1. Above 34 Å lies some portion of the pair distances; for the chain, what is it as a whole percent of all C-alpha pairs?
2. Would you kindly state how much longer the chain becomes between Ile203 and Thr271 on full extension, computed as 0.36 nm times their sequence separation minus their alpha carbon distance, in nm to one decimal?
3. What is the spin-label model distance, in nm, from Glu54 to Thr211 if the labels are put 7 Å beyond Cα along the C-beta direction?
4. About its Cα centre, how strong a charge dipole does segment 36-110 have in debye, to the nearest 20, once Lys and Arg get +1 and Asp and Glu get -1 at the Cβ?
5. Where does the charge balance sit around Leu156 when Lys and Arg score +1, Asp and Glu -1, over other residues with C-beta under 12 Å from its C-beta?
6. Which one of Leu237, Ser272, Leu195 has its Cα pushed farthest toward the positive end of the charge dipole of segment 13-338, where Lys and Arg give +1 and Asp and Glu give -1 at the Cβ?
7. What order do you get for 253-266, 144-157 when each peptide is scored by the mean count of other beta carbon atoms within 10 Å, highest first?
8. List the GluC sites (Glu not before Pro) within segment 289-325 that fall in a DSSP loop (any state other than H, G, I, E or B) and whose Cβ has at most 12 other Cβ atoms within 10 Å.
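Values in this text are rule-based calculations from the coordinates and carry no lab data. Fair warning: this is a prediction, and the values are worked out from it, not measured in the lab. Every residue, glycine among them, receives a Cβ derived from its backbone with ideal geometry; neighbour counts consider all protein chains shown.
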Amino acid sequence: MTYAPSPASDIPASVLSSNPLDASVQADSSQSADAPDYETRFAASMRAVQIHLERYLNKDAYDASPEASGLWEAMRYGTLDGGKRIRSVLALEACKACGGQLEHILPTACAIELVHAQSLIHDDLPCMDNDDLRRGKPSLHKAYGESTAVLAGDALIALAFGLISKETPLTAPLSAEVLLQVLGDFSDVTSVRGLVNGQFVDIQHEGQPFTREILEYIHTYKTGALFQFSLRAGAMLAGASSAVVERFTLLGQKLGLAFQIVDDLLDIGSTSEALGKTAGKDQIQQKATYPAFFGEEASRAQVAQLTEESLALLEQTEGMPADYNPMALKALVGFISNRIK
Ligand code: GRG
């Protein structure tokens with residue numbers, strides 16, 4: 001099928017190859033699912049993503065190309081320093097839960113982070129949401145200038161596609177056909193069938209009256225698309241059946257919406273210091289948000305409902321491996337609905 005966003009365990013030791021990530025991933029297995037803190041619970045997955053991102057945005061590459069060193073530096077600034085890595089961690093955990101291998105999901109998980117970083121860099125530009133603060137430091141155009149910010153974002157998108165296609169090993173059970181499907185889905189997500197679409201409609205509706213349908217549309221495309229892709233790609237690259245892939249796609253849809261509603265609530269109820277980005281902007285820019293349309297209490301109730309529905313999806317065992325363990329994904333559902341930054 002063609003992927004389009006619709007509205008609204010740990011890796012077994014046997015699948016771990018002899019790479020430097022083994023120790024950290026295995027260390028993660030010993031953590032209990034009810035560990036309260038996201039950074040602690042998912043430290044190993046976050047570290048795995050960070051190590052690979054560092055490698056892809058390798059300093060040697062720009063040392064060898066001194067003319068473009070400023071661009072490399074800007075790309076590293078926008079990608080490597082900060083961020084919760086929630087989308088890539090979801091992709092890793094989805095793949096693990098479906099019995100997949102780290103080496104098959106890691107390049108795609110890192111590509112997701114590259115595109116996410118790009119979307120933040122471009123979103124902060126004066127011609128978009130115009131923000132000076134991101135991840136607790138000056139946004140990229142403030143640190144490096146607007147033209148570098150545009151070019152750094154452009155380069156990150158293209159690099160993300162190369163990363164999936166060049167770095168994903170075509171070892172069993174992964175076939176070239178599935179990898180091509182993942183690349184096709186990634187194209188939808190990064191194009192006018194995904195984030196760009198949501199951003200366009202979001203900006204068009206600034207200061208304008210909006211309906212519930214428009215609100216859902218914006219959140220589904222602007223934020224939900226990348227969450228859906230993260231869960232879906234995790235299942236696909238694990239070689240899951242199409243029924244499981246669709247179940248994980250639905251899970252990503254619910255989690256993406258919950259994540260964005262919480263984001264809307266934090267914009268009202270938190271501080272720039274805690275968030276690392278400017279709080280209170282949605283009201284100033286008259287954005288289409290859940291609290292603006294439904295009120296805060298009803299928005300929280302919708303997050304609670306999406307959380308319940310997500311947990312129920314994770315209870316389903318049909319098509320899952322015999323040693324299926326949903327605890328890590330359940331912990332991520334809890335983090336998404338209760339997060340404070
Ligand atoms: C993908 C080609 C292409 C273009 C992007 C600019 C744009 C088009 C889209 C903007 C999308 C956007 C900024 C959505 C907001 C999503 C959101 C809630 C971001 C905050 O995510 P966190 O909290 O950030 O995960 P960290 O810093 O933790 O990574």
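1. When every Cα pair of the chain is considered, 20 percent fall beyond 34 Å.
2. Working: separation 68, 0.36 × 68 = 24.48 nm, distance 2.33 nm.
This chain segment gains 22.1 nm when fully extended.
3. The two pseudo-label positions are separated by 5.1 nm.
4. On the way: 9 positive and 10 negative charges, 69 e Å.
Dipole magnitude for segment 36-110 comes out near 320 debye.
5. Numbers: positive: Arg76; negative: Glu113, Asp154.
Around Leu156, the charge tally is -1.
6. My answer, from the dipole projection, is Leu237.
7. Values: 253-266: 22.9, 144-157: 18.4.
Averaged packing, sorted descending, gives the order 253-266, 144-157.
8. Values: sites: Glu296, Glu297, Glu308, Glu309, Glu315, Glu318; in loops: Glu318.
Passing both the DSSP loop test and the Cβ count: Glu318.
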